[in-house]
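Read the structure below first, then the notes.
The values are calculated or read from the model by the stated rules, or taken from the named source; none is laboratory data. Quantities reported herein were computed from a predicted structural model and do not represent experimental measurements. All Cβ positions, glycine included, derive from the backbone under ideal geometry; neighbour counts span all protein chains shown.
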Amino acid sequence: MGKQINFYLHSKDLESFFEILRKRKAVFLPGLYPENKLEKTEHISIEKSENMFLARMEDLDKIKLKELAGINTGQWTIDRYSPVMDLDSSREIPELRVITRGRLYFQSDYYMDSKLVRKDENFVKWADSLLSVLRRKLIKRTEIGGFTGTFYLGQYAEEWVEQNNVKVDSGGSRLIINEDK
């Protein structure tokens, strides 16, 4: 079963968002690797949206990489059966007057060879607690620009929504300043 939170962050929200993750002892792992060798990263690009993974330090030796599909792609990524959370960061694109949706997701269990496999209970508790903390720290809205749903926003994203005539694109993947008044 998968669990997730979707969120929208203004560029001014990103550092505090990543600080919440660091305080919960999240180790940041890049989304892609040039070889079958796991490396953590200290640098998190807040200028561009990056796919990355989060893990606990004590789980690093349990994380497996897999080569991306295709012949000799030369690119490796983390196997999602590993004890990791998948993070797609939200970002503001000022020139497009848009904030993209981010997502933090993990699988607590999965099927392998027709058998349900539960991930390590300590990892699942940690990941659940991280989602809970984010739900408490981010601002929850149930409507933006006439579009109903559950929206979690950073403080500055909330101000951006309040100060602008914002709409949600049809899939909910972006908040857009609506030029039609």
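For the stretch 68-80, which positions are surrounded by 15 or more Cβ atoms within 10 Å (Cβ to Cβ) and without any contact (Cβ under 8 Å) to a residue 40 or more places away in the chain? Hit for the stretch 68-80 is Arg80, nothing else. Taking the stretch 138-181 and the strands (runs of 3 or more DSSP E) fully enclosed by it, the elements with 1 or more residues that are touching a Phe, Trp or Tyr at 6+ places or on another chain (Cβ under 9 Å) and loosely packed, with under 11 Cβ neighbours inside 10 Å are at 139-144.
Is at least one residue of the stretch 126-135 within 30 Å of Asp59 (Cβ to Cβ), modelled with pLDDT of 95 or more, surrounded by 12 or more Cβ atoms within 10 Å (Cβ to Cβ) and touching a His at 6+ places or on another chain (Cβ under 8 Å)?
No, every residue in the stretch 126-135 fails to be within 30 Å of Asp59 (Cβ to Cβ), modelled with pLDDT of 95 or more, surrounded by 12 or more Cβ atoms within 10 Å (Cβ to Cβ) and touching a His at 6+ places or on another chain (Cβ under 8 Å).
Give the residue that is modelled with the lowest pLDDT, with candidates limited to residues of the stretch 18-51 that are in a loop (DSSP other than H, G, I, E, B) and among the aliphatic types (A, V, I, L, M). Here the answer is Ile46. Residue count for the stretch 52-87 satisfying the condition of being among the β-branched types (Val, Ile, Thr) and part of a strand (DSSP E or B): 2.
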